[in-house]
Protein chains: 2
Amino acid sequence: MRIAVLGVGLIGGSIGLASRDRLGARVVGYDPDQGILDRALELGAIDEVAPSPAEAAAGADIAFCAAPVRELPGLVEAALAAGGDAVVSDVGSTKRELVARVAAHPDAERFIGGHPIAGAESAGVEHARADLFDGARWYLTPSPTASGVHYDRLQRAIAEIGARPQAIDAESHDRLLATVSHLPHVLANALVGQAVAAASEEAERLPEAGPSFRDATRVAGANPRIWADIFASNADVVAAEIDAVVERLREAAAVIRSGDRDRIYAWQQEARSARARLMEGARTAGPLRELRASVANRPGTLAELALALGRAGVNIEDMALYPAPDMRTGAVTMWVAGDAEAERAADIVRGLGHSVDIVSEGQ
Amino acid sequence: MRIAVLGVGLIGGSIGLASRDRLGARVVGYDPDQGILDRALELGAIDEVAPSPAEAAAGADIAFCAAPVRELPGLVEAALAAGGDAVVSDVGSTKRELVARVAAHPDAERFIGGHPIAGAESAGVEHARADLFDGARWYLTPSPTASGVHYDRLQRAIAEIGARPQAIDAESHDRLLATVSHLPHVLANALVGQAVAAASEEAERLPEAGPSFRDATRVAGANPRIWADIFASNADVVAAEIDAVVERLREAAAVIRSGDRDRIYAWQQEARSARARLMEGARTAGPLRELRASVANRPGTLAELALALGRAGVNIEDMALYPAPDMRTGAVTMWVAGDAEAERAADIVRGLGHSVDIVSEGQ
């Protein structure tokens with residue numbers, strides 16, 4: 001297998017290391033900065049250097065574009081323009097803008113957006129690690145016309161380098177990430193601003209901050225270049241999330257201002273239940289069950305299937321597509337944890353008009 | 001030395017363990033729950049049990065009231081009513097309500113409010129530790145009439161059990177804590193509420209949350225009984241903090257909604273600088289310098305001194321009061337890190353009308 005990494009920073013470098021280590025792949029790297037490429041070679045994150053994005057992508061099975069969000073459209077288009085059969089993906093933190101832009105490309109069916117929920121304190125290929133993605137969710141945003149063979153190749157490679165791929169449409173991705181990532185960053189920024197203002201009123205020095213403050217502000221002012229891009233490319237949704245949280249805070253202020261212990265207690269208890277639900281959502285349960293579905297092997301079928309399962313929150317532990325010899329139909333196998341989850345998955349697959357069987361363990 | 005602990009939970013139990021361990025004190029405990037007292041004896045958090053708060057406080061040098069905020073006024077008053085010479089303190093998270101209430105007590109000069117910035121994931125004497133307060137800030141809120149001898153005894157014991165005492169007036173304490181503790185809890189609650197709402201719109205299951213979300217929501221819905229008391233007893237200030245953060249969030253929404261990368265970049269950069277200032281505030285610097293001041297030994301002098309230094313953010317590493325034989329004047333020695341800090345401290349002490357010398361190392 002041949003993997004192209006376009007942009008060799010923390011994420012690109014880690015994809016390179018993991019691909020060599022776990023896929024036995026040959027990794028070709030491109031980066032506008034020659035010094036970074038030299039260092040990536042030294043560190044074993046890439047096997048060879050390509051002088052341009054197109055030359056890196058040519059002949060690759062998968063090309064990962066791992067540049068800041070605003071540079072991704074150009075990079076993806078350059079990779080697609082190289083021709084060949086590479087599935088072109090990316091690792092950007094927002095997806096709508098990119099997916100909409102690439103949709104117009106003649107080879108759009110070879111593009112599948114991606115976003116690994118992984119990172120580290122420090123940026124740069126120096127900090128790249130082969131195990132960076134172990135156990136991490138890796139969102140994939142296939143468009144309705146994405147090729148099943150390419151989707152399968154990409155999700156399989158991602159699973160093999162240790163991550164857990166899950167399909168989601170670009171709009172849902174950007175909304176969810178606005179809530180669980182972009183909004184926490186905005187709140188952290190507001191909180192440090194408030195603390196600095198409070199300190200200048202109260203004392204010449206800042207107060208000793210407790211653990212709740214440190215936790216809440218850890219990401220305040222995160223890399224401004226990267227985050228300006230993320231906020232700008234998801235501006236409407238993030239702004240709407242802020243509006244919504246402002247409403248919640250107004251309600252909280254009214255509850256607290258009342259000084260009514262019972263009312264405050266009920267509000268605090270509600271937050272406790274919400275957190276418990278969120279924690280519960282993170283559990284996985286039960287032994288693996290295998291589902292086998294027969295599907296038409298045409299663009300979009302596998303993407304549609306993966307998206308429907310992702311939308312329902314079904315956790316696909318593993319997935320594989322086996323095209324039939326005539327290449328017109330195919331078998332999809334999926335592994336899902338737990339009997340209830342397997343039944344739910346089967347219902348969804350049937351709902352899309354495919355036949356499906358749940359295969360018992362040992363079969 | 002004899003220490004009374006009224007309320008033997010995580011904090012009270014840890015004060016007991018640390019007092020036995022590091023002060024060589026005999027610790028007498030009171031708790032309304034006999035089972036907790038039995039367990040505290042087993043764990044060595046107390047040496048003996050008293051049947052009432054007054055009987056625990058009688059004959060003690062220091063009585064720490066370590067109950068939930070709403071029970072503190074009654075407990076402090078019971079401890080003062082026991083008579084004797086005990087300095088009565090507490091460990092509540094808010095201070096105005098308690099300090100105002102106790103001010104009317106005839107023995108108010110023996111009461112000095114306190115609040116250690118320490119805690120643990122789990123409550124209860126089972127989780128008490130002798131090292132819980134190591135390096136932790138411990139705020140003290142002496143009233144203007146607090147006795148210097150009692151203040152000195154209390155701050156010295158707190159320093160010996162490993163914490164770093166700092167004087168602050170009750171109003172400033174409650175404002176600062178509203179910003180660095182109560183507000184982060186409110187934001188965490190709002191964020192989990194938002195995430196649950198987003199999840200029910202978007203999918204049947206919740207999305208995989210990134211580290212920024214986990215950090216930002218760790219304290220959501222914290223112990224509702226304790227937090228209802230904290231919010232209720234600091235309601236006006238917390239509500240005002242929420243109003244202020246709502247204004248900041250409205251501005252943030254406007255900046256982001258503009259989609260203007262440069263403007264968003266500048267806003268993100270501003271948060272970065274604010275966070276850097278907060279981090280910088282946490283540093284300490286320079287070798288210890290000793291200050292010796294002569295003061296009148298009357299109620300309030302030491303409290304006034306400690307409060308003025310605390311207000312200016314001077315970090316007193318250690319402090320001791322030596323009453324003169326006539327008991328009408330006294331010498332206060334203070335240790336401060338760094339020459340500049342020592343000069344600043346000396347200016348403040350002089351500004352209060354006391355004579356002061358900075359003693360060089362080795363003298």
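The values are calculated or read from the model by the stated rules, or taken from the named source; none is laboratory data. The shown structure was predicted, so the numbers you read here are calculated from the model rather than taken from an experiment. FYI the Cβ positions are ideal-geometry reconstructions off the backbone, even for glycines, and counts take in every protein chain you see.
Of all residues in segment A:230-240, count the ones that are crowded, with 18+ Cβ neighbours inside 10 Å, part of a helix (DSSP H, G or I) and more than 7 Å from chain B (Cβ to nearest Cβ). Break it down stepwise before answering.
Looking only at segment A:230-240, we keep the residues that are crowded, with 18+ Cβ neighbours inside 10 Å, and these are A:230-235, A:237-239.
After this cut, where a residue has to be part of a helix (DSSP H, G or I) as well, the list is A:230-233, A:235, A:237-239.
Restricting the remaining residues to those that are more than 7 Å from chain B (Cβ to nearest Cβ) gives A:230, A:233, A:237.
The total comes to 3.
Suppose we filter A:V238, A:V255, A:V246 for residues that are in contact with a helix residue (DSSP H, G or I) (Cβ under 9 Å, 6 or more places away or on another chain) and touching a residue at least 24 places away in the same chain (Cβ under 8 Å); which single one remains? Working first, answer last.
On the way: A:V255 fails: touching a residue at least 24 places away in the same chain (Cβ under 8 Å); A:V246 fails: touching a residue at least 24 places away in the same chain (Cβ under 8 Å).
Going through A:V238, A:V255, A:V246 in turn, just one is in contact with a helix residue (DSSP H, G or I) (Cβ under 9 Å, 6 or more places away or on another chain) and touching a residue at least 24 places away in the same chain (Cβ under 8 Å): A:V238.
Could you list, in sequence order, the residues of segment B:1-16 that are part of a helix (DSSP H, G or I) and surrounded by 24 or more Cβ atoms within 10 Å (Cβ to Cβ)? Before the answer, list the steps.
Our first condition is that a residue be part of a helix (DSSP H, G or I); within segment B:1-16, this holds for B:10-16.
Answer for segment B:1-16, where residues must be part of a helix (DSSP H, G or I) and surrounded by 24 or more Cβ atoms within 10 Å (Cβ to Cβ): B:I11, B:G12, B:G13, B:S14, B:I15, B:G16.
Please determine whether any residue of segment A:61-74 is modelled with pLDDT of 95 or more, closer than 22 Å to A:I168 by Cα, surrounded by fewer than 22 Cβ atoms within 10 Å (Cβ to Cβ) and not charged (D, E, K, R).
yes
I need a count of the residues in segment B:301-344 that are assigned to a loop (DSSP other than H, G, I, E, B), under 16 Å from B:Q155 (Cα atoms) and modelled with pLDDT of 80 or more. Spell out how you get there, then give the answer.
Looking only at segment B:301-344, we keep the residues that are assigned to a loop (DSSP other than H, G, I, E, B), and these are B:312-315, B:324-328, B:338.
From what is left, the residues that are under 16 Å from B:Q155 (Cα atoms) are B:314-315.
Going one step further and asking which of them are modelled with pLDDT of 80 or more, we end up with B:314.
Of the residues in that region, 1 qualify.
Does A:R275 qualify as being part of a helix (DSSP H, G or I), at the interface with chain B (Cβ under 7 Å from one of its Cβ atoms) and under 24 Å from the mean Cα position of the chain (by Cα)? Step through it out loud before you land on a result.
On the way: part of a helix (DSSP H, G or I): yes; at the interface with chain B (Cβ under 7 Å from one of its Cβ atoms): yes; under 24 Å from the mean Cα position of the chain (by Cα): yes.
Spelling it out, A:R275 is indeed part of a helix (DSSP H, G or I), at the interface with chain B (Cβ under 7 Å from one of its Cβ atoms) and under 24 Å from the mean Cα position of the chain (by Cα).
Looking at the structure I just gave you, is B:I264 in contact with a Ser or Thr (Cβ under 8 Å, 6 or more places away or on another chain), free of Cβ contacts under 8 Å to residues at least 40 places away in the same chain and either farther than 30 Å from B:P68 by Cα or surrounded by 15 or more Cβ atoms within 10 Å (Cβ to Cβ) (or both)?
Values: in contact with a Ser or Thr (Cβ under 8 Å, 6 or more places away or on another chain): yes; free of Cβ contacts under 8 Å to residues at least 40 places away in the same chain: yes; either farther than 30 Å from B:P68 by Cα or surrounded by 15 or more Cβ atoms within 10 Å (Cβ to Cβ) (or both): yes.
Against the criterion (in contact with a Ser or Thr (Cβ under 8 Å, 6 or more places away or on another chain), free of Cβ contacts under 8 Å to residues at least 40 places away in the same chain and either farther than 30 Å from B:P68 by Cα or surrounded by 15 or more Cβ atoms within 10 Å (Cβ to Cβ) (or both)), B:I264 qualifies.
Residue-by-condition table, conditions (1) touching a strand residue (DSSP E or B) at 6+ places or on another chain (Cβ under 8 Å); (2) in contact (Cβ under 8 Å) with a residue 40 or more places away in the chain:
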residue	(1), (2)
B:G114	yes, yes
B:A123	no, yes
B:D134	no, no
B:A146	yes, yes
B:V149	yes, yes
B:R153	yes, yes
B:E160	no, yes
B:D169	yes, yes
B:H173	yes, yes
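Looking at (1) surrounded by 15 or more Cβ atoms within 10 Å (Cβ to Cβ); (2) at pLDDT 90 or above; (3) basic (K, R), which is the only condition B:R250 fails?
Status for B:R250: all satisfied but (1).
Looking at B:R289, is it modelled with pLDDT of 80 or more and among the basic types (K, R)? Please lay out each step first, then the result.
Details: modelled with pLDDT of 80 or more: yes; among the basic types (K, R): yes.
So B:R289 fits the description; yes.
Return the pairs, sorted by first residue and then second, in which the second residue is at pLDDT 65 or above and part of a loop (DSSP other than H, G, I, E, B), the first residue lies in segment A:195-224 and is more than 7 Å from chain B (Cβ to nearest Cβ) and more than 19 Å from B:V238 (Cβ to Cβ), the beta carbons are less than 8 Å apart, and the residues are 6+ apart or on different chains.
A:N223/A:A123
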